[in-house]
Structures are given as C-alpha cells and as structure tokens.
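What follows is calculated from the coordinates using simple rules that are stated; it is not laboratory data. As the structure is a prediction and not an experimental result, all values here were calculated from the model. Note that we place each Cβ from the backbone using ideal geometry, even for glycine, and neighbour counts take in every protein chain shown.
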Amino acid sequence: MTRPASGDTVHIDDLAEPVLAPEIAEMMAAAAPFGDAIELAVEPMLAHAVAETGLDDFGDDGFLEPFTVLLGALRTEAGLSSFGRITVSVQINQLLKNRLLIQQILVEHPEIHDLEVARPIIIAGLPRTGTTHLQNLISADPALRSLPYWESIEPVPAPGDVMGPDGIDPRIMRCDDSLAILTQALPYFPRMYDIGTHNAHEEINLLAIDFSTMYFDTLAPMPTWREHYLAHDQTPHYEYMKTVLKVLQFLRGGDRWILKSPQHLEQFGPLIRTFPDATVLVTHRDPVSVIASMDTMLAYTARMHLDPVDPVRIGQFWADLLIGMLDRCRAERDLLPANQSLDVHFDAFMADDLGMVERIYALAVQPFDLPTREAIATYLAGHQRNRHGGLIYDLADFYLTEDDLRKRTEGYIEHFGVTLGA
C-alpha cells in the first residue's frame, strides 16, 4: 500500500494483511511482550485506576455488570493482538480514572446535581450520514456548548495537572500527541473521519465511562457484548451521561449543548426520557453507502488492535448491526415529539448545508443571527468535503452485495424516502 497523497482517491487493498509503516511495526513488536502480561479482569483493572489516582470511590456500582461482560468478551471473542491488549487496557484505564475523578467532584460539589442540561440539540444518525459535518457546523456557533475531542477523552483534569507554559491544558497536549501517533499509524483515517483535538466529538465517550455503550462494538465483533447491551434498558446510563455533562458545565461553563452519537438512533426511548426538551435531528443516507464506508473504516483501524484482521467477519458483523439500528429507528421514530425532531437527508444537507442549519435553528428556537452565520461560514470556508482525499469503498472486500443490502433495508428506505446512491 502506498502512502497517501493529499487530494487523491484510493482503494485500501491491505485490509486483511495490513502493511504498516516500519516505525509503527517496530513499535508494536517491541510492545508485544508487555501486552501479553496484561490481565483484562475486573479487580486488577479497578486496582490500577485506584493506584494511579489515589481515589477509590467509583460511585454507583451499576457499571460493574456491563464492565464484567465487556472484559469477558474482550478476552474470549475480540481476538486482540498483543499490542491491542495494551491499547484497549489503556482506554479502559482512562475510563475508570475518569469515573473516579468525576465521582470526586460530585462528592465535593453536590450542587452540580442541581444544574440543568436544558434544551440540547442532539444529532442521531448512523456514521457516514453527515452527522460529523452537521455537528461541527453547529458547534462553530459560539452561543452553543459542544464537547471537543480532548474533553471527551479526559473530561476532568488528571491529579497533578498544571497548565503548560503557554496556558495550554495538559489534556489538550496529550490529545495532540495521541492524534499525531494515530495519523502516523493510520494515514488514511482522516479521509474517513474528520477528527481533531478541538473538533466537536461524540458523547459516546461519556457513555463509555458507565461501560454501557455501542462504542465498544467498534473494537471488534463481540456478540456476547452486543447481546448484553441490547437486552438492557440504557436509561440509567443516559442519566449518568447527563450527570457528566453537568460536571462539564460546572468546570468549563456552557448553556445549551450540541450533541451527537450514532448510538441514539437505536435508543430514542432512553434519549427522550433523559432529555425531554431536546431537539433531535435524525440523519438519513443510502444504507449501502453507509455500510460500505463504515465497514472499511472499522476493518482499517482494526490493524492497531486485532490479530489476525478478518475484514469479512468485521464487515458482516457491522452490516447486521447497522441494519438492526435502522430497523429500530424505523420502529421507534414516533417516540420523538414531532415538534422537537427533524429528519435530515444526506443529499439535501449536502446540497444546502447552511440552509439546513438555518432550518434546524428555527425548529430549536435558537437565534440564527449575524455572528452565528459568520462563524458557521468561516468554518465552512476551511472545511471543504474530501479535503484530505477520497476513498473507494468496495462491498466485495466484505463479501457483501448491493442487491442483498437493498433487500434488507428496503423497509427503512421506503419509510423515510431515502435517496438511493447518495
């Protein structure tokens, strides 16, 4: 596989047999012995987070059941590589530390519970349906509160954190460093997902702190985990996420949130129970396009934590998962109040993104004044679509066919009037 050139369009042809940059391959090989020694078990992982923070109050223990199921699935179903055991354990350790730090703040400042998360604007849609572009457009409005990527990873400062010499939060510097490594290891990733330290990100990372979220499905096909997640009411975990948003308001201010997660598409009930005054934007795009691009992204990123990488297994697992989400969206769309929700079609949004945002603001009763318009226009000027180059998505990489996917999603397509080929 050749290194990417800005502006070109490529087909990733090494999904099953990844070709890594020499320095990345050497790093992974050197770290492998440490990964083999990691124990993905509840007690050792809890103890490690306690040791690193000096705290021992995780709050409500309702997270322990899904946490236990997750670790079991990671051990027995995921197929983690030695390096993958390191990266996954680092992520889990960070989530546990976040939980400890959040609980400490809640104990020290019980008034946080009295704060309101009022009238959030929430985007619910499959990945690759324009959700990221829509969220970043609206997040450009200084009147709204968004969740930047660095804050989603570390919502609360780590013990001992002090501002850098230029007044930069150490969490921002750590995020910069991790993204630099990500881009070096996965040079095509920016073409798939416009990630950046300060870009608005998904609150799915906040849900992960309570260890019940579809985020973990992105690590590897883990049927046991998926079954457990679907079998349990997610309302308590949404309530926990709302509490974390209150903590973030307490720490850095904010009035009205713009939020986004694909998970919401199959959780309209918990979502609207937790945020009854929310404006919910449901995005739609041709499912064939979505499945092809999502499968490619997850099979591509799997090289960093799975061995072997089986793109067919990943692709078919995610085709089933995404189609299941669409079916649930169709069945439960009416749970969202008509005067608080809007279906946003990808082709219409791409044809007039600024006009769509103005329509959304009218529904959400949010002023679309001159400063807002100028801020969004400035963002648009610097964030043209496919500015990092394009990708060719091929269903054959996953032994999937367009005809079969069309048949399996025809109910959703007809119900929402989705444009094919968009």
Cβ-based charge dipole, segment 114-156, positive-most Cα from H133, V117, W150: H133
Segment 14-19 - phi-based ³J(HN,Hα) in whole Hz, Karplus 6.51/-1.76/1.60, Gly and Pro as x: 10, 4, 7, 10, x, 10
Option label - Cα extents along the principal axes in Å computed here, alternatives (1) 64, 49, 34; (2) 54, 52, 46; (3) 75, 56, 39: (2)
Interchain or long-range residues, amide H under 5 Å from R145's placed H: D255, R256, W257, I258
Taking the chain and dividing mean pair separation by its residue count, relative contact order in percent (alpha carbons under 8 Å, at least six apart): 26
Max mean-square fluctuation residue, GNM over the chain, Cα-Cα springs under 10 Å, options L342, L370, L96: L370
Residue of L186, L101, L271 that the Gaussian network model of the chain assigns the largest fluctuation, springs spanning Cα pairs under 10 Å: L186
Karplus-derived 3J(HN,Hα), 6.51/-1.76/1.60, for each residue of segment 150-161, Hz, glycine and proline x: 4, 6, 5, 7, 10, x, 10, x, 6, x, x, 4
Karplus (6.51, -1.76, 1.60) ³J(HN,Hα), θ = phi - 60°, over segment 236-242, in Hz, Gly and Pro reported as x: x, 6, 5, 5, 5, 4, 4
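In nm², what is the average projected area of the convex hull enclosing the Cα atoms of segment 212-339?
For segment 212-339, averaging the hull's shadow over all directions gives 9.2 nm².
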Computed [θ] at 222 nm, helices only, for the chain once each DSSP H run of length n ≥ 4 contributes -39500 (n - 2.57): -16500 deg cm²/dmol
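I want to check a number: in the chain, how many lysine pairs have alpha carbons closer than 25 Å, given a sequence separation of 8 or more or different chains?
Details: K97/K242; K97/K246; K97/K260; K242/K260; K246/K260.
So the count works out to 5.
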For segment 61-130, radius of gyration divided by Kirkwood radius, i.e. Rg to Rh on alpha-carbons: 1.10
